[in-house]
């Protein structure tokens with residue numbers, strides 16, 4: 001060990017949004033991966049920046065009562081999970097606090113009601129994931145997994161406790177199979193997804209596979225009960241190795257008697273149980289009436305649109321990706337729903353004909369960047385209620401400020417939906433209601 005290394009004993013006072021411990025060091029904050037609030041730790045400064053420092057945790061001198069032993073042997077190296085060492089109850093409180101602080105700091109607002117958090121399984125919940133693939137010459141084998149924390153390397157892992165069964169064992173199986181092929185240095189990524197009865201893996205290949213490669217991938221599919229696809233270039237190049245044998249990926253929303261089909265690389269909420277509960281809660285909060293006209297923006301596969309159509313008079317879903325729009329329309333046909341329609345539209349633009357119509361209710365389910373352009377136009381349609389499903393507390397707070405200050409809404413209720421246990425990702429729902437007399 002270097003003799004010039006300086007060790008500091010500090011108190012951890014907070015957590016960052018991505019699960020790093022925070023200590024105060026004079027005028028600068030110090031970010032300490034692996035440390036928890038309330039702990040006294042020994043650290044060394046790794047990188048000094050103008051406004052903060054980054055540190056390495058050397059020793060926990062006084063552990064937090066909320067510290068638990070991480071059950072996953074890859075935790076600490078794998079970047080997939082950030083807070084496995086935090087008790088699950090403390091994780092939920094942490095995520096609620098992140099949302100509360102963002103609303104207070106950015107929007108200067110507190111909801112009238114905090115909703116009970118929506119919780120589901122803590123393990124084996126993730127039905128879709130993008131895994132990195134890397135051939136490591138020094139180990140003479142292929143690694144498949146999530147990226148290591150704060151690096152570009154792939155974690156050396158044989159399994160993953162957050163992936164749904166039996167996908168949880170797939171990293172190791174993929175590693176062995178890809179390592180036998182001519183593509184072991186020309187296959188950078190695998191996307192895996194699971195429906196209720198069908199599983200799929202899309203292999204991103206930079207070279208055309210040989211016949212021997214195809215035989216190995218077919219064997220992998222049979223052994224793992226997995227439909228295997230190859231992607232040679234863009235999304236339009238995805239092809240099943242055995243097209244006649246693939247099944248249809250699908251999930252259900254039992255509260256609404258719905259089945260939704262999806263494709264192997266489609267976006268969908270990764271936690272099936274939490275998603276189903278979130279959809280149910282959203283419709284309950286909106287208090288949908290049978291004659292309501294409802295606008296569902298960033299509608300994806302119809303995850304909210306189709307349940308809304310079961311209760312409303314008319315629903316319009318708008319989505320930027322044309323493939324998802326086609327799948328949403330197909331899902332409406334599949335479920336024999338004829339009071340919903342879908343259109344493709346770039347919701348970052350400021351002019352849409354549907355924003356000049358009369359809508360009673362609006363659902364927003366935007367990406368991390370939020371719904372700023374949409375929210376800036378909300379005053380002109382003035383729905384009585386807006387349900388905003390967010391995957392980023394800061395953009396939710398920014399958009400909440402606009403809805404309250406400029407569009408005349410009140411923040412009625414907010415709650416989290418723990419879509420990603422043991423990670424720093426925070427999903428939440430906020431209900432806005434038009435202020436009376438405005």
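The values are calculated or read from the model by the stated rules, or taken from the named source; none is laboratory data. No experiment lies behind these values; they were computed from the predicted model shown. When we count neighbours, we look across all protein chains shown, and the Cβ atoms used for this are built from the backbone with ideal geometry, even at glycine.
In the set (1) under 20 Å from residue 322 (Cβ atoms); (2) surrounded by 15 or more Cβ atoms within 10 Å (Cβ to Cβ); (3) assigned by TED's automatic domain parsing to the domain that holds residue 176, the condition left unmet by residue 228 is number (1). Just one of (1) within 24 Å of residue 164 (Cα to Cα); (2) in contact with a strand residue (DSSP E or B) (Cβ under 8 Å, 6 or more places away or on another chain); (3) surrounded by 18 or more Cβ atoms within 10 Å (Cβ to Cβ) trips up residue 216, so point out which. Of the numbered conditions (1) within 24 Å of residue 164 (Cα to Cα); (2) in contact with a strand residue (DSSP E or B) (Cβ under 8 Å, 6 or more places away or on another chain); (3) surrounded by 18 or more Cβ atoms within 10 Å (Cβ to Cβ), the odd one out for residue 216 is (2). Here residue 116 passes the criteria (1) more than 14 Å from residue 418 (Cα to Cα); (2) at pLDDT 95 or above except the one numbered (1). Restrict the check to the range 123-130 and report whether at least one residue is touching a helix residue (DSSP H, G or I) at 6+ places or on another chain (Cβ under 7 Å), more than 23 Å from residue 431 (Cα to Cα) and surrounded by 22 or more Cβ atoms within 10 Å (Cβ to Cβ). Yes, the conditions are met somewhere in the range 123-130. Note on the range 243-258: among residues that are surrounded by fewer than 18 Cβ atoms within 10 Å (Cβ to Cβ) and either touching a strand residue (DSSP E or B) at 6+ places or on another chain (Cβ under 8 Å) or in a strand (DSSP E or B) (or both), the one that is modelled with the lowest pLDDT is 245.
Of all residues in the range 157-169, those being more than 20 Å from the chain's Cα centre (by Cα), more than 16 Å from residue 70 (Cβ to Cβ) and in contact (Cβ under 8 Å) with a residue 40 or more places away in the chain number 1.
Of all residues in the range 401-411, those being surrounded by fewer than 17 Cβ atoms within 10 Å (Cβ to Cβ) and in contact (Cβ under 8 Å) with a residue 60 or more places away in the chain number 1.
Just to be sure, is residue 300 surrounded by 20 or more Cβ atoms within 10 Å (Cβ to Cβ), without any contact (Cβ under 8 Å) to a residue 60 or more places away in the chain and outside any helix (DSSP H, G or I)?
No; evaluated as a whole, the condition is false for this residue.
Conditions tested, residue by residue: (1) within 26 Å of the chain's Cα centre (by Cα); (2) touching a residue at least 40 places away in the same chain (Cβ under 8 Å); (3) buried (at least 21 other Cβ atoms within 10 Å of the Cβ); (4) not in a loop (DSSP other than H, G, I, E, B).
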site: 366; (1), (2), (3), (4): yes, yes, yes, no
site: 382; (1), (2), (3), (4): no, yes, no, no
site: 396; (1), (2), (3), (4): yes, yes, yes, yes
site: 399; (1), (2), (3), (4): yes, no, yes, yes
site: 416; (1), (2), (3), (4): yes, yes, yes, yes
site: 419; (1), (2), (3), (4): yes, yes, yes, no
site: 422; (1), (2), (3), (4): yes, yes, yes, no
site: 428; (1), (2), (3), (4): yes, yes, yes, yes
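Of the residues 128, 134, 141, the single one that is within 17 Å of the chain's Cα centre (by Cα) and more than 24 Å from residue 36 (Cβ to Cβ) is 128. The residues in the range 147-169 that are within 16 Å of residue 228 (Cα to Cα) and in contact with a strand residue (DSSP E or B) (Cβ under 6 Å, 6 or more places away or on another chain) can be counted, and the count is 1.
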